[in-house]
Ligand SMILES: [Zn+2]
């Protein structure tokens, strides 16, 4: 299953072996968490992806 990284928009494999999912990498996850902390980040569609899986 392929997903689009919510941070950089890059296509990434949704795998249990990827600890950073739904992100493609640790860097994207950390950047995303930083945005949440600043309350600048909103992607409602992201939650739909989680429910599908
Ligand atoms: Zn990414």
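The values are calculated or read from the model by the stated rules, or taken from the named source; none is laboratory data. Computed from a predicted structure; not experimentally measured. All Cβ positions, even for glycine, are placed from backbone atoms using ideal geometry, and neighbour counts span all protein chains on display.
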What pairs come up if the first residue lies in segment 12-23 and is over 12 Å from residue 1 (Cα atoms), the second is within 10 Å of the ligand (Cβ to nearest atom) and assigned to a loop (DSSP other than H, G, I, E, B), and their beta carbons are under 6 Å apart, counting only those six or more places apart or on different chains?
23/5; 23/7
Restricting to segment 5-21, and then to whatever is more than 9 Å from the ligand (Cβ to nearest atom) and under 20 Å from residue 35 (Cα atoms), can you tell me which residue is surrounded by the fewest Cβ atoms within 10 Å (Cβ to Cβ)?
19
Within segment 29-48, is there a residue that is surrounded by 11 or more Cβ atoms within 10 Å (Cβ to Cβ), at pLDDT 90 or above and either assigned to a loop (DSSP other than H, G, I, E, B) or more than 12 Å from the chain's Cα centre (by Cα) (or both)?
no
